[in-house]
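The values are calculated or read from the model by the stated rules, or taken from the named source; none is laboratory data. As the structure is a computational prediction, the values presented were derived from the model and not from experiment. Here the Cβ is made from the backbone with ideal geometry for all residues, glycine too, and neighbour counts use every protein chain on show. Heads up: the accessible areas ignore ligands, DNA and RNA and are worked out on the full protein's heavy atoms, side chains in. Shrake-Rupley method; radii C 1.70, N 1.55, O 1.52, S 1.80 Å.
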Amino acid sequence: MTDQSSNQMWGGRFAAGPDAIMEAINASIGFDQRMAAQDIAGSRAHAAMLAATGVITDSDAQAIREGLLTVLSEIQNGEFQFSTALEDIHMNVEARLKEVIGEPAGRLHTGRSRNDQVATDFKLWVRDQFDAAESGLLALIRALLAQAEAGADWVMPGFTHLQTAQPVTWGHHMMAYVEMFGRDLSRVRDARARMNESPLGAAALAGTSFPIDRQMTAEALGFDRPAANSLDAVSDRDFALEFLSTASICAVHLSRFAEELVIWSSAQFRFVTLSDRFSTGSSIMPQKKNPDAAELIRAKVGRIYGANTALMMVMKGLPLAYSKDMQEDKEQVFDAADNWMLALAAMEGMVKDMTANRESLAAAAGSGFSTATDLADWLVRVLGLPFRDAHHVTGSLVAMAESKGCDLPDLTLEDMQSVHADITDNVYSVLTVENSVNSRQSYGGTAPDQVRAQVKRWKALV
């Protein structure tokens, strides 16, 4: 096959055949320029260390550090011309540094490789995203705590299988999400602590013969310690995988909550009213108020989890140490990070702005025989029935109420005694939803006092 036919097979997008194709597949500057600030921070720390250990002169190090700040300023001001021919952010910065300061720029790469350089840059970038996720989760948890505290004693239906189960409180339901997002917060902090080892100075894979001080660069960049094995340091992308897996679990939680907000804001439920800031209208139906922000959050889990799966597949068959496959690690992480941060911010905004409709919640709380379990518990506690017998009696009373078209509290004492003769009028004390939720005083239960205790505990934590 001729070069010309090969070019036709690849398409007209490439001007010069294999060289252009190789440049296009090899270059990462189109996306890794996002790590410019991290790359320059790492280079400044490395230059300072080279001077401190006598590998380069103080004057060269000073020129390098000042030149790097000039390059960073150009990038931040949109004045920098990125080149795909220079492949990546590292070579783009280094080439421009040489133009700015001349010969000293060539000494910057002493004692390091692009392998440890990219690992360091990427770790610094992911660490910044963990910090942003922590801030986003804290803000969301605080918004949920405000909702829980305001509605600690507002009754609403609790569901299993999306069928009415038992009455709970609005505060209790909000606190369930506090616990969920609290676990996410714990995972973020745990993963960040584990990843905080510096790859810088591992060089290509074997370390370096120069007398570098890896502890110095680690401390300068805010790492707890240098990575202990040079092979592992340049091969490791666990920190990116943990970031994506943590993001994926959190995205599932965000999606579950978004689904409830979609349901609750519908005309059939009317449990909550979402603010106009996080809703849209219909182009044809003027009455519509669509929970688009919640729906989009619900969809984000696909992109985030997809990124997690993609990077798993990239890493699964790679031998030590560095392989070019690992260039495919960043786009997935960048996209997932953008969407995770956006979803966290949107959910926090919705929670802060939404209004729980107390009357609708209360009206629904008693529907569907929601206090049937309270009746069964009363039969066990007061009459001493085995729970299975109490369950059967309660089921018969529910069937009777259904046939009469009423709820359990509407049955007469005579109705109840026709099923079990020992039932007394004391039974009505447990059949209101308010008494039901107030009775759930076990630790972690839905009783308002328990909810307020959990709110107080969490407010002290966040």
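Overview of values
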{"read-out": "Projected label distance in nm at Ala165 and Arg189, using a 7 Å step from Cα toward the beta-carbon", "value": "2.8 nm"}
{"read-out": "Residues Gln441 and Lys404, FRET efficiency given R0 of 51 Å [Cβ-Cβ distance, rounded to 0.05]", "value": "0.95"}
{"read-out": "Region 37-63 residues near the modelled Glu103 label - backbone nitrogen below 18 Å, point 7 Å along Cα→Cβ", "value": "55-63"}
{"read-out": "Approximate spin-label separation Ala24-Glu259, in nm, with each point projected 7 Å along Cα-to-Cβ", "value": "4.1 nm"}
{"read-out": "Solvent-accessible area of Arg107 with every protein chain in place, 1.4 Å probe, in Å² to the nearest 10", "value": "80 Å²"}
{"read-out": "Paramagnetic label zone (point 7 Å from Cα along Cα-to-C-beta, Ala453; backbone N under 20 Å) in region 127-163", "value": "145-146, 148-155"}
{"read-out": "Cβ-derived FRET efficiency at R0 56 Å, Asp276 paired with Lys324, nearest 0.05", "value": "0.70"}
{"read-out": "Convex hull volume per residue for the chain, taking Cα atoms only, in Å³", "value": "231 Å³"}
{"read-out": "Estimated FRET transfer efficiency (Thr70, Glu219; beta-carbon r; R0 25 Å; 0.05)", "value": "0.50"}
{"read-out": "Table column - 3J(HN,Hα) (Hz), region 447-454, Karplus curve with 6.51, -1.76, 1.60, x for Gly and Pro", "value": "4, x, 4, 5, 4, 5, 5, 5"}
{"read-out": "Share of Cα-Cα pairs in region 11-139 lying beyond 20 Å, as whole percent", "value": "51 percent"}
{"read-out": "Rounded to whole Hz, the Karplus (6.51, -1.76, 1.60) HN-Hα couplings of region 357-368, x for glycine and proline", "value": "8, 4, 5, 5, 4, 5, 5, 7, 4, x, 7, x"}
{"read-out": "Rounded accessible area per residue of the chain, 1.4 Å, Å²", "value": "47 Å²"}
{"read-out": "Ordering of 79-86, 173-180, 111-118 by burial proxy (mean other Cβ atoms within 10 Å per residue, highest first)", "value": "111-118, 173-180, 79-86"}
{"read-out": "Normalised contact order of region 368-431, rounded percent, pairs of Cα under 8 Å and 6 or more residues apart", "value": "40 percent"}
{"read-out": "Area accessible to solvent at Ile29, 1.4 Å probe radius, in Å²", "value": "10 Å²"}
{"read-out": "Cut-off under 5 Å, modelled amide H: who pairs with Ala165 long-range", "value": "Gly158, Phe159, Thr160"}
{"read-out": "Those lysines that a straight Cα-Cα span of less than 17 Å connects to Lys324, excepting residues fewer than 8 apart in one chain", "value": "Lys316"}
{"read-out": "Under-5 Å amide H pairs with Asn290, H placed in peptide plane, nonlocal only", "value": "Thr280, Gly281"}
{"read-out": "Whole-Hz couplings from phi, Karplus 6.51/-1.76/1.60, listed for region 325-337; x for Gly and Pro", "value": "3, 5, 5, 7, 7, 7, 4, 5, 5, 4, 5, 4, 4"}
{"read-out": "Quarter of Cα convex hull surface for region 368-431, i.e. mean projection, nm²", "value": "3.6 nm²"}
{"read-out": "Listed peptides 393-405, 243-255, 46-58 by packing density, highest first (mean Cβ within 10 Å)", "value": "243-255, 46-58, 393-405"}
